[in-house]
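Every number in this text was worked out from the coordinates using simple rules, so none of it is lab data. Note that this is a predicted model, so its numbers are computed, not measured. Counting neighbours? That spans all protein chains shown, and the Cβs are built from the backbone with ideal geometry, glycine included.
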Amino acid sequence: MRAKSFSIPYIIWMALFVIAPIVLVIIYAFTNISGDITLRNFATMGSFTPVFVRSFWLAFVSTVICITIGYPLAYILSREGLRMQRLMIMLIMLPMWMNFLLRTYAWMSILENTGLLNRFLSFIGLPTLSIINTPTAIVIGMVYNFLPFMILPIYSVIVKIDRSLYDAAQDLGAGTFSVFRRLVLPMSLPGVLSGIMMVFVPAVSTFVIPQLLGGGLTMLLGDLIEIQFLGTAYNPHLGSAVALVMMVVVILFMYVMNKFGQGEERAVGL
């Protein structure tokens, strides 16, 4: 009984800062300014379908790029010596010690029309690029900020694979590619799924990156919600409805990914 009492502060914290805000969002989503129950907030969201599609598409593209870059890095890192692994992990985590806004501002100075990238291209005689204030700049910002969340879960799973399994597979005649395809890839799937969720979820809801690197010209769900709460089109009821729909979609996505992961783990176990 005494041990359970230590969980009371945590329960109070969760109730105040997790459960209560979600309840308020649900209440606001299903009511209007007069406090009457209504579904008009959800019916109004039809006009924002392009924003939903754009947000999920850019989040999907960013996640795919993070997998493409992060998985090979995580695999190569897991094959290095312990000292090199520690050094590389520190370098991967080093940008995360800096403020999120500062990292994004740094990319503004790199990608802007007179920024470091275009200055370098001009210096070597190549044509300059117009990347800032485009969806491409937003994707670059997402990949840079969320790539460590893809690398670290995959690395933490691959590095725990028993090295004797590699030797046993090679002794049985399996080549390098076969070992990777039939051993490493299936066993690293839980890390891949964790990385996908850790990248996709913040990418689909971010609003700082589109504002700074997209110049506010490419509206995403995070921007739409912020406008409803802080912008001139103040409508917290509509903003809550959008946030609630986004939460439901993200929860469904996480549920499907977890089910897929469980199915793959059972298949590997067999």
Once the convex hull of the alpha carbons of the range 49-269 is built, what does its volume come to per residue, in cubic angstrom? 154 Å³
Between the modelled labels at Ala174 and Met254 (7 Å from Cα along Cα→Cβ) the distance in nm is 3.3 nm
Over the range 178-239, how many percent of alpha carbon pairs lie in each 5 Å bin up to the one with the longest distance? 4, 16, 16, 15, 11, 9, 8, 8, 7, 4, 2, 0
Give me the Kirkwood hydrodynamic radius of the range 23-152 in Å, from all C-alpha pairs, to one decimal place? 18.4 Å
Could you pull out the chymotrypsin sites (Phe, Trp or Tyr not before Pro) across the range 1-78 that fall in loop regions by DSSP (anything but H, G, I, E, B) with no more than 10 other Cβ atoms inside 10 Å? Phe6
Kirkwood hydrodynamic radius (Cα pairs, Å) of the range 41-85? 13.4 Å
Grab the Cα-Cα distance for Leu94 and Ser34, subtract it from 0.36 nm times how many residues apart they are, and report the gain in nm with one decimal. 16.7 nm
Using a 10 angstrom cutoff on alpha carbons, build the Gaussian network for the chain and name the most mobile of Gln170, Gln211, Gln85. Gln170
Efficiency of FRET from Cβ geometry, Thr44 and Leu73, R₀ 30 Å, rounded to 0.05: 0.10
Would you kindly state the longest site-free stretch of the chain, with sites defined as trypsin sites (Lys or Arg not before Pro) in a DSSP loop (not H, G, I, E, B) surrounded by at most 14 other Cβ atoms within 10 Å? 161-270
